[in-house]
Amino acid sequence: MSPQGEKHFSQRIGLLRAMVLGANDGIISTACLILGVAAADATGHAILVAGTAGLVAGAASMAIGEYVSVSSQRDSEQADIQKETWELENTPERELAELTGIYQAKGLSHKLAREVAEELTAHDALSTHLAEELGISRHNLARPLQAAVSSAAAFSIGAGIPLLASSLANDASRIWVTIVTVFAALLGLGVGSARFGGAHPVRPVLRILLGGGVAMAFTMAIGSLFGATVG
């Protein structure tokens, strides 16, 4: 396989982060909302309304938050590109010397570093300087819209799992059915994200299960306390 065709797991980090964060947040936040309301002895209709509202609000929040944050990253990248473009147009010798110094710092002799810098500058000066000086590739710039859509979709899918489980269960079994379903979903999410990212699944699975369990237990305790107080 050629170097250009070789794939690395780090290339997926942006999409992986948005999808895992969205799905994990959707599962846990909606499950906590459902279980908290259920622990307060609310009706099945009230639980369903609360869960649906949580899904819609959470998906919108995830989309807006991701779009704003990734747009800020994109703005910074574009500003760096414009700055580097100006420097290459107005101070080319200085930029060539800077690139030579970078290659010398990597272990090349001054002569060879200069030759490499000159050849790469002649081929694609801007891409070379962006990659070597700033670690930026024009092919992998931040994508706000992609991040927003993927996060909202992942949240909605994740939130739909406990919501569906709760809606299908009867009043007597709703809490336990939701808890078991959520743990199964978190287990699948942990294993899937670990494989997608090329990591061993044990630690990601333990993190996601422990975090989800603590969040649900805490929310149920608050809901039960609130329900007893109101009652």
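Bear in mind that the values in this text are calculations on the coordinates, not laboratory data. Being a predicted model, the structure only gives us computed values, none of them experimental. For neighbour counting, all protein chains shown are included, and Cβ atoms are generated from backbone atoms with ideal geometry for every residue, glycine included.
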Assuming a viscosity of 0.692 mPa s and a temperature of 37 °C, what translational diffusion coefficient in µm² per second does Stokes-Einstein assign to the chain, Rh being the Kirkwood radius over Cα pairs?
157 µm²/s
Quick check: the distance between the Cα centres of segment 18-75 and segment 161-231, to the nearest angstrom?
13 Å
Expressed as an acute angle from 0 to 90° and rounded to the nearest 10, what is the orientation of the C-alpha long axis of helix 174-197 relative to the principal long axis of the chain?
10 degrees
Folded to 0 to 90 degrees: helix 13-39 orientation relative to the chain principal axis, Cα
20 degrees
Report the convex hull volume per residue for segment 24-127, counting only C-alpha atoms, in Å³.
137 Å³
Here, trypsin sites (Lys or Arg not before Pro) of segment 156-221 satisfying both criteria (DSSP loop; at most 12 other Cβ within 10 Å) are none
Using only Cα atoms, tell me the angle between helix 110-129 and the longest principal axis of the chain; keep it within 0 to 90° and round to the nearest 10.
50 degrees
